[in-house]
1. According to the square roots a ≥ b ≥ c of the eigenvalues of the Cα gyration tensor, what is the shape class of chain B, taking rounded for a/c under 1.5, prolate for a/b larger than b/c otherwise, and oblate for the remainder?
2. For chain B, modelled as a GNM with alpha-carbon contacts under 10 angstrom, which of B:248, B:266, B:277 fluctuates the most?
3. How far apart are the residue A:314 label points across copies, placing each 7 Å from Cα toward Cβ, in nm, shortest first?
4. For the peptides B:68-80, B:207-219, B:5-17, what is the packing order when you average, over each peptide's residues, the other Cβ atoms within 10 Å and list the highest mean first?
5. Quick check: Cα centre of segment B:162-182 to Cα centre of segment B:264-291, how many Å?
6. Between residue A:3 and residue A:356, what FRET efficiency comes out of the Förster formula 1/(1 + (r/R0)^6) with R0 = 41 Å and r the beta carbon distance, rounded to 0.05?
7. Can you list, shortest first and in nm, the gaps between the label point of residue A:341 and those of its counterparts in the other copies, using a point 7 Å from Cα in the C-beta direction?
8. In peptide B:69-81, how many Cβ atoms from other protein chains are near each Cβ within 10 Å, on average?
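Coordinate-derived values only; no laboratory data. Keep in mind the model is a prediction, meaning the values are calculated, not measured. Methodologically, a virtual Cβ is constructed for each residue, glycine included, from the backbone with ideal geometry; neighbour enumeration extends over all protein chains shown.
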């Protein structure tokens, strides 16, 4: 065995996206201690950068020390207690994962179902909220990584609030690529991932809790079932004046990388980043149309950063993806769940959302599909 | 705000330890996809390297995608069900954390207590096993990071097996610094951390389950309460021929770093690494004695990689540590739990266990304490 040398890849799948040299360089800076005053200063900057990215003043805004699925679990185990009712919108794989989280807490899950590729239907959500008074939370996926559909987070958060439920929002693929307006939406709990439109390596899950969510956490009757994800303990490390209380050892170098990635996002500006994602999506959409490839998601609900392409008749699923990887060094994603074998997922996320990348994948697809 | 430049530090606390330039360079290699065939090949090597480090042939040997405390939680939530009885040995802070894990599952915790700084007393453990027939597991800390005490893992694992209980072993600070002999001990579940004697950055928790532990996992009557830590799902990504089933997005770059750190360990050889840790411990012990500083732990139970020094009469706790950091760039650890204010913790772990580091910290201590 020898040192691992990763091949050169253009990452145009559902994440991770390509990480910029600047972020990779930050990752390689010397590790220091998790209680070092200089590190604590960096943590404070990181929280402020995350607040800006989420467009929130929520004090409980920090990265969970594990990938996006852990951010999901942190939201559910902190806010939901056994016996609670949670309304979960399932229009893709990640809504199904939310349901798993609810059931494993011993809570009751009411599903609101929409087809994979469609956004969440607010009328069904409103009906479910009316039919389940006292529901603890409404959980939905803002940017469905498995389908490429965007749901109306502002409206869904408002419906939750009007019915006295907390909103739990998955924006793993959203943050940095499309507007995420936590305060304007009134979102109570939201989580994201480091490896999508932020273009840091995978391994961290930015999270934000509203004051209402923090109150719900404090008013719990039972202990949070996870010690590692217990935000009452995690926040004692991430906040407070002066010395921090050790909880777990923070992933130091990964936090350097997230700090740098957020700095790059703010140097560009959120609106500029959103506009760039949109423009490159249109370029891809037009190029795909020109070679006769269709997108799964209706136009109004398309995520610009994740484009779900129907596999054309006569083409198989794995063969073309493998050729893209082996001959062109381009990774695109397979379908997930019930979309397996039916779609490819082309991500244009963060550092990877560039016109030259769009042109590269279109050219490669033309060759591979003979179009 | 600007890019973060960490200060130069000599990390001689309880971890993280200093990361070698070779491991830092591996961390900065380009991110690739978590389902990339080349990445899957690297994962297979990483598992084989971990098996060698743990001295085990256990097939379920992999790194959990989060720090050591998450490895602890993964062991407990996979093996313990509500209503089970677990015997937990508490001779430091991390035994207390094990208890928290047991209680949050809704299981019954029987504590076997020893003073902080002492090893676990096998006679008390045997009595507890006899008094609690049918106990599901015996959990103990092999290398107590909060006190610097080493317990007799071989004997404790044997006692567990003789009484039909699974053994759950914390060797976060042990692996790579002292013998960890998973197969010879017959340990059923063991976890470690990347940032101690392996000298990778914090953020991963190597873990190994015996066949007996895997059978217990398969025989569960209830679902694992954590989706993220459910090893039934995690192993579908980490094993199997050919394509792997996506569970969560693996922390790609951190896994490069762990692969490289394990490679360095195996180039040196496990026995050579243990001998080096031992020799540098003796050098530190003698130097501390020469300036009148005592170690907390009785000689037979001392961890060479974590030296717990009694704060001398007349000296305060934080002042000298702060001077070591500010004037000498050396981090040593504070006491934790009931040892707060009573001890300093001097780690000589992995890449940091070198004679020149021993001499640097001894010289700095002499200056700071005026000895």
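1. Because a/c hits 1.5 or more and a/b fails to exceed b/c, chain B counts as oblate.
2. B:248
3. 9.2
4. Working: B:68-80: 27.2, B:207-219: 19.1, B:5-17: 22.8.
Per-residue Cβ counts within 10 Å, averaged per peptide and sorted highest first, yield B:68-80, B:5-17, B:207-219.
5. 21
6. My answer for the efficiency is 0.85.
7. Nearest to farthest, the other copies are at 6.7 nm.
8. Average per residue, whole number: 2.
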